[in-house]
Amino acid sequence: MGSSRFNMGSFLSLFLLIVQIASALKFDLPASAGYGSAHERCIRNFVAKDQLVVVTAIVSGQKGDGQKVNLHIRDAMGNDHGKAKDIAGETRQAFTSPGDTAFDVCFENQLVGRSGVQNPSRAIELDVDIGADARDWSSIAITEKLQPIEADLRRMEETVAEIVTEMEYLRSREQKLRDTNESTNERVKWFAFGTMGMLVGLGAWQVVYLRAYFRSKHLI
């Protein structure tokens, strides 16, 4: 029994570790003398309404080395969710999404002095946790007196529930798109029938008109 628990706990820990590694993003951000959104590098994510989002950024270097890294988080609805200037080391920002929307995590590396290094840049490691992954499960386990495997199961349960909710949302969106396509096809069909009927009527009128014209000229 103990061996079974150990194997299950090891499997869950390995699964969660793989998820965390897969969600991390590493890249180099070159320093630039320019300012503004044109010099930002942004990473976009999508989030559902009322979900907790925790953005963790680990920036290499140190303050005063001639580079200044700024962090800005904003969503497609025009809301700002956090700004941090001249960051180095680990920085964490958290917010709750006001709606179903996309949000951008943007970094800007300003060259503010002489660094003595050709093509200066900062290495950035970004980790974005959403929903169940963003919750502090260590504190929850302590507060609710949960065993590590119980905390992992709770976390996986909430993650699966979020996936199911997302699938339901996608299904409803697909249903709306299908209804829209069917409605559009129906309108196109009747428009085509109407056009064909109008062309047939126009052709018949032309035949009648020409026969009447030729009769009036005594050609028939």
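Any read-out appearing in this document is the output of simple, stated calculations on the displayed coordinates, not a laboratory observation. This is a predicted model, so every value here is computed, not measured. Cβ atoms come from the backbone with ideal geometry, glycine included; neighbour counts cover every protein chain shown.
With unit charges on the beta carbon (Lys/Arg positive, Asp/Glu negative), name the residue among 175, 142, 188 whose Cα is farthest towards the positive pole of the charge dipole of the chain.
188
If r is the Cβ-Cβ distance from residue 164 to residue 41 and R0 is 45 Å, what FRET efficiency results, to the nearest 0.05?
0.85
Take the alpha carbon gyration tensor of segment 51-93, find the square roots of its eigenvalues, order them as a ≥ b ≥ c, and report rounded if a/c is under 1.5; if not, report prolate when a/b exceeds b/c, else oblate. Present the calculation step by step, with values, prior to reporting the outcome.
Values: a/c = 4.09, a/b = 1.92, b/c = 2.13.
Oblate is the answer for segment 51-93, as a/c is 1.5 or above yet b/c matches or exceeds a/b.
Starting from the Cα-Cα distance between residue 32 and residue 62, subtract it from 0.36 nm times their residue separation and give me the gain in nm to one decimal. Please list the in-between numbers first.
Details: separation 30, 0.36 × 30 = 10.80 nm, distance 1.68 nm.
Extending this stretch completely gives an extra 9.1 nm.
Stretched out fully, how many nm does the piece from residue 204 to residue 85 gain, at 0.36 nm a residue minus the Cα gap? The partial results should precede the final answer.
Numbers: separation 119, 0.36 × 119 = 42.84 nm, distance 7.66 nm.
Value of the extension gain: 35.2 nm.
Enter the angle in degrees (range 0 to 90, nearest 10) between the Cα long axis of helix 148-216 and the first principal axis of the Cα atoms of the chain, meaning the one along which they spread out most.
So the inclination is approximately 20 degrees.
Determine the calculated [θ] at 222 nm for the chain from helices alone, applying -39500 (n - 2.57) to every DSSP H run no shorter than 4 residues and normalising by the residue count; nearest 500 deg cm²/dmol.
On the way: 3 runs with 99 residues, N = 220.
Dividing the helical sum by the residues of the chain leaves -16500 deg cm²/dmol.
Given points 7 Å out from each Cα along the Cα-Cβ axis, report the residue 177 to residue 94 separation in nanometres with one decimal.
Computed distance between label sites residue 177 and residue 94 equals 3.5 nm.
Which order results if 106, 42 are arranged by neighbouring Cβ count within 10 Å, fewest first? It would help to have the intermediate numbers written out before the result.
Details: 106 17, 42 14.
Neighbour counts put them in this order, fewest first: 42, 106.
With only alpha-carbon pairs counted, each pair once and no self-pairs, how large is the Kirkwood hydrodynamic radius of segment 23-134 in angstroms?
Details: mean 1/r = 0.0693 Å⁻¹.
Across segment 23-134, the inverse of the average 1/r is 14.4 Å.
Using the alpha carbon gyration tensor of segment 81-220, what are the three equivalent-ellipsoid semi-axes (square root of 5 times each eigenvalue), largest first, in whole Å?
Details: eigenvalues 952, 177, 20 Å².
Ellipsoid half-lengths, sorted descending, are 69, 30, 10 Å.
Give me the dipole magnitude in Debye, nearest 20, for segment 42-172 about the Cα centre, with unit charges on the beta carbon: positive for Lys and Arg, negative for Asp and Glu.
Values: 15 positive and 22 negative charges, 141 e Å.
Once rounded to the nearest 20, the dipole reads 680 debye.
Please turn the phi angles of segment 34-39 into ³J(HN,Hα) values with the Karplus equation 6.51 cos²θ - 1.76 cosθ + 1.60 (θ = phi - 60°), one per residue in order, whole Hz, x for glycine and proline.
Each residue's phi maps through the Karplus curve to give x, 10, x, 5, 5, 9 Hz.
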